[in-house]
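See below for the structure under consideration.
The values are calculated or read from the model by the stated rules, or taken from the named source; none is laboratory data. On a predicted model such as this, the values are computed, not experimentally measured, just so you know. Here the Cβ positions follow ideal geometry from the backbone for every residue, glycine too, while neighbour counts run over all protein chains shown. What goes into the accessible areas is simple: the full protein's heavy atoms, side chains included, and nothing from ligands, DNA or RNA. Shrake-Rupley method; radii C 1.70, N 1.55, O 1.52, S 1.80 Å.
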Amino acid sequence: MNILKERASNEVDIYYVFELDKDNSLVSVFFRDGKMREDYEAFPELLGNDGTYCSNRHDLICAPFVGINHHTKICLFGIGFILNESIESFTWLYNTFLKSMGGVQPKTVMTDQCAAMAFAVKICFPSSKHMLCIWHLFKNSTAYLGGLKEKPGFHKMFSRIMK
């Protein structure tokens, strides 16, 4: 938090918010800088958010907000850390993201198959189209295919159908 405070004192258009619980432990954080806001303003067509990363010393879930620019390169629009994958956590995160971006909703929001994320997307991004990430769909579907995935030509046909 000291690093964010330091950056905010030296840079223009830094936005960060954090929440502490009753024991003064960190519960959630959101951060974006001016470049991230500029990128989002230029490319609000697709907002991807993935909450599957948990590899920090605070045991918070890292949930980056990303998009794609006109060169089909990934842009970072902001980064959040939340305590759990609850509807409340994602609602806080999405509302905080929206506030940091002046309330501008993306055209499309892409997430994994987390039910709490889907519910929070409906609440926070009502005018956005919600899509599931195809990478997660492929990854999760192969667990249910059994011996089918070993048949010649199946993977190619399955990939075609999924896309």
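Cys62 passes every criterion in (1) surrounded by fewer than 22 Cβ atoms within 10 Å (Cβ to Cβ); (2) more than 12 Å from the chain's Cα centre (by Cα); (3) not in a loop (DSSP other than H, G, I, E, B) apart from (2). Restricting the search to the range 4-16, which residues are surrounded by 12 or more Cβ atoms within 10 Å (Cβ to Cβ) and not hydrophobic (A, V, I, L, M, F, W, C)? If the condition is that a residue be surrounded by 12 or more Cβ atoms within 10 Å (Cβ to Cβ) and not hydrophobic (A, V, I, L, M, F, W, C), then Arg7, Asp13, Tyr15, Tyr16 are the ones that fit.
Restricting attention to the range 28-51, the residues that are farther than 21 Å from Ala118 by Cα and among the aliphatic types (A, V, I, L, M) total 2. Within the range 1-35, restricting attention to residues that are polar (S, T, N, Q) and free of Cβ contacts under 8 Å to residues at least 12 places away in the same chain, the residue that is farthest from Thr96 (Cα to Cα) is Asn10. Picking from residues in the range 135-156 that are open to solvent by less than 100 Å² (accessible area, probe 1.4 Å) and modelled with pLDDT of 75 or more, the one that is farthest from Asn49 (Cα to Cα) is Gly153. The residues of the range 1-27 that are among the hydrophobic types (A, V, I, L, M, F, W, C) and either in a helix (DSSP H, G or I) or over 23 Å from the mean Cα position of the chain (by Cα) (or both), listed by number, are Ile3, Leu4, Ala8, Val12. Could you please let me know if Gly78 is under 21 Å from Met1 (Cα atoms), surrounded by 21 or more Cβ atoms within 10 Å (Cβ to Cβ) and among the small types (Gly, Ala, Ser)? Against the criterion (under 21 Å from Met1 (Cα atoms), surrounded by 21 or more Cβ atoms within 10 Å (Cβ to Cβ) and among the small types (Gly, Ala, Ser)), Gly78 qualifies. Can you spot a residue in the range 102-111 that is closer than 14 Å to Ala63 by Cβ, open to solvent by 50 Å² or more (accessible area, probe 1.4 Å), aliphatic (A, V, I, L, M) and at pLDDT 80 or above? Scanning the range 102-111 turns up at least one residue that is closer than 14 Å to Ala63 by Cβ, open to solvent by 50 Å² or more (accessible area, probe 1.4 Å), aliphatic (A, V, I, L, M) and at pLDDT 80 or above. With respect to Glu19, determine if the residue is closer than 21 Å to Ile68 by Cα, surrounded by fewer than 19 Cβ atoms within 10 Å (Cβ to Cβ) and not small (Gly, Ala, Ser). When the stated conditions are applied, Glu19 does not pass them.
When Ile61 is tested against (1) of a type in the set (Val, Ile, Thr); (2) touching a Cys at 6+ places or on another chain (Cβ under 9 Å); (3) within 21 Å of Lys107 (Cβ to Cβ), just one condition goes unmet, and that condition is (3).
Just wondering, is there one or more residues in the range 28-49 that are open to solvent by 60 Å² or more (accessible area, probe 1.4 Å), within 20 Å of Leu132 (Cα to Cα) and within 12 Å of the chain's Cα centre (by Cα)? Checking the range 28-49: not a single residue is open to solvent by 60 Å² or more (accessible area, probe 1.4 Å), within 20 Å of Leu132 (Cα to Cα) and within 12 Å of the chain's Cα centre (by Cα).
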